[in-house]
1. Just to be sure I understand, how many residues within the range 1-27 are outside any strand (DSSP E or B) and farther than 21 Å from ALA76 by Cβ?
2. Can you pull out every residue in the range 38-76 that is among the acidic types (Asp, Glu) and part of a loop (DSSP other than H, G, I, E, B)?
3. Hey, can you tell me all the residues within the range 7-57 that are out of contact with any Cys (no Cβ under 9 Å at 6 or more places or on another chain) and of a type in the set (Phe, Trp, Tyr)?
4. Going by the conditions given, is SER110 modelled with pLDDT of 90 or more, assigned to a loop (DSSP other than H, G, I, E, B) and exposed (fewer than 12 other Cβ atoms within 10 Å of the Cβ)?
5. Can you pull out every residue in the range 53-98 that is under 17 Å from PRO16 (Cβ atoms) and at pLDDT 85 or above?
Amino acid sequence: MSEAANEKTLAEQAPPSYECRACGYTYVPSKGDSKNNIPPGTLFTDLPKSWKCPVCGARKTAFVNIGATDAPSGFAENLNYGFGVNNLTPGQKNLLIFGALLLGFLFFLSLYALG
């Protein structure tokens, strides 16, 4: 196979976030954990064994990998194409799409005021 098959997207390259199954707290490596003095950039796998959920006190084994949450989807060389939406995270894209739909719907409703 070619090298392109081995290439990973930015979301696959980003460090994964972990979510507590007990309370829903999400550990994001880029934010760290200020309550337990964990600096930003610390991977979940590098947390001490004694680390517990800052919300409910659950152990590390209660967390599940939910993937990268704040990384843009796609490949690095494609980020400069289009109108800049390739740099947005999936959550930002959802906000843009549904916000535009809501704005269009409100504009449509405002047409009734003309009559």
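The values are calculated or read from the model by the stated rules, or taken from the named source; none is laboratory data. Just so we're clear, the structure is a prediction, and the values are computed from it rather than from any experiment. With ideal geometry, Cβ positions are generated from the backbone for all residues, glycine too; neighbour counts draw on all protein chains shown.
1. 5
2. Within the range 38-76, ASP70 is the sole residue that qualifies.
3. Result: TYR18, PHE44, TRP51.
4. Answer is no for this residue.
5. The answer is CYS53, LYS60, THR61, ALA62, PHE63, VAL64, ASN65, ILE66.
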